[in-house]
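Below is one structure, written out as structure tokens; comments come after it.
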Amino acid sequence: MTADRPSAPSGSGARMVELDREECLSLLATLPMGRVGFTQRALPVIRPVNHLVTDDGDIVIRTHARAALLTSASVSEVVVYEADEIDPGTRIGWSVMVTGTASRVTEPQALSRYHAELRPWVHKEMEHVVLIRGELVTGYRLVR
């Protein structure tokens, strides 16, 4: 079964305009959630999560004790975080990707702050905090 989607006439699509780091992070901060991509057993995995963006341009997420991401974050693995807002009707919007190392937040004051500021969306104990250092921030806007 396929969903009905408008087909784009050739040559009438949107243009991709590259965004700078500052605009990417500003747009990312307007959304409450995105997707984190990491490696599990040598295979790519993508999980939807809610986030916050720090003043330094890092991404903070919370997770549970048995999360696969914690294994990766404990060794500072490179991960990607992606969020977008694209209207399927108008075919305009934006997409941002932040690539960097993920690591556990262990400092008590930072943990307390992130627990207060970032509320999980699922009914599960999300006691761990992971910070993704925004080393490579890229994005584009789809415009007519």
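Would a scan of segment 47-58 turn up a residue that is in a strand (DSSP E or B) and among the β-branched types (V, I, T)? Looking for residues that are in a strand (DSSP E or B) and among the β-branched types (V, I, T), one finds at least one in segment 47-58, hence yes.
Across segment 31-46, what is the total count of residues that are out of contact with any Ser or Thr (no Cβ under 6 Å at 6 or more places or on another chain) and assigned to a strand (DSSP E or B)? Talk me through it step by step, then tell me what you get.
Start the filter on segment 31-46 by keeping residues that are out of contact with any Ser or Thr (no Cβ under 6 Å at 6 or more places or on another chain), which leaves 31-37, 39-46.
From what's left, assigned to a strand (DSSP E or B): 33-37, 39-40, 43-46.
Looking only at that region, the number is 11.
Of the residues in segment 65-87, none is modelled with pLDDT of 90 or more, touching an Asp or Glu at 6+ places or on another chain (Cβ under 8 Å) and not aliphatic (A, V, I, L, M).
Please pick out the residue among A83, A68 that is without any contact (Cβ under 8 Å) to a residue 60 or more places away in the chain and touching a Gly at 6+ places or on another chain (Cβ under 8 Å). Explain how you work it out, then say what you get.
On the way: A68 fails: touching a Gly at 6+ places or on another chain (Cβ under 8 Å).
Matching residue, one of A83, A68: A83.
Could you tell me how many of the residues in segment 120-144 are over 20 Å from A68 (Cα atoms) and either surrounded by fewer than 18 Cβ atoms within 10 Å (Cβ to Cβ) or under 17 Å from the mean Cα position of the chain (by Cα) (or both)? Qualifying residue count, segment 120-144: 10. When segment 70-109 is filtered for residues that are surrounded by 14 or more Cβ atoms within 10 Å (Cβ to Cβ) and part of a helix (DSSP H, G or I), the ones remaining, listed by number, are L70, T71, S72, A73.
The values are calculated or read from the model by the stated rules, or taken from the named source; none is laboratory data. Source: prediction; values computed, not measured. Every residue, glycine as well, gets a Cβ built from its backbone with ideal geometry; the counts of neighbours run over all protein chains shown.
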